[in-house]
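Asks: Below you will find the structure I want to go over with you.
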């Protein structure tokens, strides 16, 4: 049986853990090649995905079976590319500013859903997208003294994440969530295992505990997020994802000495507000279309 309070608890703990994971990623990304850090993280993720699939209904065979193998592999490769870029963004641009830009993900998904999925976007969502993108520009502050061309890193991460989200929507029409989860874990691990040795750097004994923590937070966070989705609809989980922005920004200030400038805070608030409206509007339209389809039957 579903438990809404339990679902919210799982989601809050999951995104709290992901905030810690981002901070550890930044720490390691400042000392080691991000591809190498991502490779270790993915090894733990792949083991978890395989074990989780083995315990699911139908076992490993059911998880491997997919009707869209090319799309599933493409999703896995896309995420494997995104994570090293995100780690680089944390290290070079900053944890707080990167997370603020990542918050534009739902807006980019809505924007790209028109050419890729053929969805129709009404004036309300177009307005929200436009306002949200203005918030992103405010975060970037392209005319300010603090502007850095390296902001292309978090922007690229957000765009890749949006493409990944759209691919997930496409495969969800024919494959179950366990299959999609299995492929992002295993495909990414294989890809980064091929690329990782080219970036090999000896890891100091003192940093192994951080690498282990990175792997543990990844496993724990994904497991709790799965449990959250077992108890909540995706639209209920989406607002909680912005908790990661708040917590990661706090860690950025307290641990790494980053500065939250006014333009970043105001811009992030605009982006989050526009993103929440976009997600809410998509849910309203989805429910309306489902009700219409049921009446037509």
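Asks: When you count, for each residue, the other Cβ atoms within 10 Å and take the mean per peptide, how do 27-34, 280-287 rank with the highest first?
Replies: 27-34, 280-287
Asks: Going by average Cβ neighbours within 10 Å, how do the peptides 69-76, 94-101 rank, with the highest at the top?
Replies: 94-101, 69-76
Asks: For residue 159 and residue 207, what does the FRET efficiency come to when R0 = 45 Å and r is the distance between their Cβ atoms, rounded to the nearest 0.05?
Replies: Approximately 0.90, to the nearest 0.05.
Asks: Compute the distance in nm between two label points, each set 7 Å from the Cα along the Cα-to-Cβ direction, one at residue 236 and one at residue 47.
Replies: 3.3
Asks: Next up: Mind ranking 47-53, 200-206, 152-158 by how tightly packed they are, going by the mean number of other C-beta atoms within 10 angstrom, highest first?
Replies: Packing proxy ranking, top to bottom: 152-158, 47-53, 200-206.
Asks: Provide the gained length on full extension for the span residue 9 to residue 67, in nm with one decimal, where the gain is 0.36 nm per separating residue minus the Cα-Cα distance.
Replies: That works out to 17.5 nm of additional length.
Readers should treat all values here as calculations from the given coordinates under stated rules, not as data from a laboratory. Being a predicted model, the structure only gives us computed values, none of them experimental. Note that each Cβ is placed from the backbone with ideal geometry, even for glycine, and that neighbours are counted across all protein chains shown.
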